[in-house]
Amino acid sequence: MDTLIIRGGKPLKGEVKISGAKNAALPIITASILASGENTISRIPDLRDVYTMGKLLANMGIRYSYKRGSTSVDTSALSNFEAPYELVKTMRASVLVLGPLLARYGRARVSLPGGCAIGARPINLHLMGLEKMGAKITLDSGYVTAKASRLKGASIYFDTVTVTGTENLMMAAALAKGTTILENAAREPEVTDLADCLISMGAKIKGAGESVIEIEGTDELKPINKYKIIPDRIETGTFMAIAGITGGDLILKDCRPDHLDAVIAKLKEAGVVFKKTKRGLRVVGPERLIARDIKTRPHPGFPTDMQAQFMSMMAVADGTSVIKETIFENRYMHVAELRRMGSYINVDGGTATVHGVEGLKGAPVMATDLRASASLVVAALCAEGESTIHRIYHLDRGYDKIDEKLRNIGADVRRAAS
């Protein structure tokens, strides 16, 4: 199992090319199930989760290949309608095959999902929506079995905002008979990107990016043809945090700042300077950050996937900040590791109070989930001395060649087998 060894304490400077969005790539890859033939998708990040999705599709009889940021998904030989536990347990996004399989083939058997241990993320809203569309669903031995002769349009209200639920039902509705209305739908850019991809396949979708989405079902969709997914906004935000905490000066290329309005607003308040240039978005960190409060919210609010990285920044900011996590109940597992590096953080339920210290010191730490991994990298890059981050397989699930990108901007980073 690999570790990442970082010697921090210096400003990082240079250019970073942002990769495609993991959280857009995975649902768009599963959308290929909705059409027969070869689907081609570009700007696919080189990630563990993408490989896992490829294995899952190959297990279904789909011919899947990945080369230089592009993937080919040939669904013409799909013959197996099951997503087994062995593959689903490591990646929650595997549940996204449920809607497309049910919509196109009328049946699916999918293991209940796994992924990061950041709290309960049930799929009850997915199942509720599919049942409203006429599916018969049973739960047995950790599997969801769903059947439907053909799904029918329905009005569906989500009690809580769910990104994967919105995506699963949007894909299912694309081939359903009649019109489906999704209310209190997720508004994340990755949802909009999926909708744009489905529209390129011939789907009829209105309102993606808003809280109400209308999908008029169609009888058939055509394969995805050279669709290019959006840049990864969380990778972008992570490198913004790296510039901020190290007092660095970075140019972020191929990014979408409009997808990070809430993050940029808070980082500006904390003293980070942003400037649009011809080469990309320039991000310049201050001599010392200023403490600021955040509260995570569904998009367009401050994203939960940036909470841990922001906490690392606040750990060395001037003053005290209050961080409130409202999305996941178990997303402060990085706190104990940040304390090992000298931070002063108190947690009470969903609220963390961060008292900024003058500096952090390198230490051996352990990653517990994907974004916790990123927060430890951010902290280690500003810490005095050497930090060893263990269990970085979490990091490889969501960050494309992050150690290489860090070295290119002057970081002292190396990967080692533990």
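Going by the conditions given, is ARG331 touching a His at 6+ places or on another chain (Cβ under 9 Å) and crowded, with 24+ Cβ neighbours inside 10 Å?
Taking the combined requirement at face value, the residue does not satisfy it.
Give the residue, chosen from PRO286, PRO257, PRO298, that is outside the structural domain of SER36 (by TED's automatic domain parsing) and in contact with a strand residue (DSSP E or B) (Cβ under 6 Å, 6 or more places away or on another chain). Before the answer, list the steps.
On the way: PRO286 fails: in contact with a strand residue (DSSP E or B) (Cβ under 6 Å, 6 or more places away or on another chain); PRO298 fails: in contact with a strand residue (DSSP E or B) (Cβ under 6 Å, 6 or more places away or on another chain).
Exactly one of PRO286, PRO257, PRO298 is outside the structural domain of SER36 (by TED's automatic domain parsing) and in contact with a strand residue (DSSP E or B) (Cβ under 6 Å, 6 or more places away or on another chain), namely PRO257.
For the range 257-305: of the residues being acidic (Asp, Glu) and outside any loop (DSSP other than H, G, I, E, B), which is nearest to LEU12 (Cα to Cα)?
GLU269
Tell me, which strands (runs of 3 or more DSSP E) wholly within the range 1-85 include 1 or more residues that are out of contact with any strand residue (DSSP E or B) (no Cβ under 7 Å at 6 or more places or on another chain) and surrounded by fewer than 24 Cβ atoms within 10 Å (Cβ to Cβ)?
63-67
Evaluate the range 104-111: report whether one residue or more is among the hydroxyl-bearing types (Ser, Thr, Tyr), surrounded by 18 or more Cβ atoms within 10 Å (Cβ to Cβ), touching a Phe, Trp or Tyr at 6+ places or on another chain (Cβ under 6 Å) and assigned by TED's automatic domain parsing to the domain that holds GLU188.
yes
Against the conditions (1) under 23 Å from GLU220 (Cα atoms); (2) over 17 Å from the mean Cα position of the chain (by Cα), where does ILE28 fall short? Just the number, please.
Of (1) under 23 Å from GLU220 (Cα atoms); (2) over 17 Å from the mean Cα position of the chain (by Cα), only one is false for ILE28: (2).
Need a quick list: helices (runs of 4 or more DSSP H) entirely within the range 101-211 having at least 3 residues that are touching a His at 6+ places or on another chain (Cβ under 6 Å).
Fully inside the range 101-211 and qualifying: nothing.
To keep it simple, each residue is scored yes or no on (1) more than 25 Å from ARG92 (Cβ to Cβ); (2) in a helix (DSSP H, G or I); (3) free of Cβ contacts under 8 Å to residues at least 24 places away in the same chain.
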| site | (1), (2), (3) |
| --- | --- |
| VAL365 | no, no, no |
| GLU386 | yes, no, no |
| HIS394 | no, yes, no |
| ARG407 | yes, yes, yes |
| ARG414 | yes, no, no |
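Just a yes or no: is a residue in the range 27-49 within 24 Å of CYS255 (Cα to Cα), at pLDDT below 95 and out of contact with any Asp or Glu (no Cβ under 7 Å at 6 or more places or on another chain)?
yes
Considering only the range 83-98, state which residues are in contact (Cβ under 8 Å) with a residue 40 or more places away in the chain and either among the charged types (D, E, K, R) or farther than 17 Å from ALA25 by Cα (or both).
Selection gives TYR85, ARG92.
The values are calculated or read from the model by the stated rules, or taken from the named source; none is laboratory data. Computed from a prediction, not measured in an experiment: that's the story for all the values here. Counting neighbours? That spans all protein chains shown, and the Cβs are built from the backbone with ideal geometry, glycine included.
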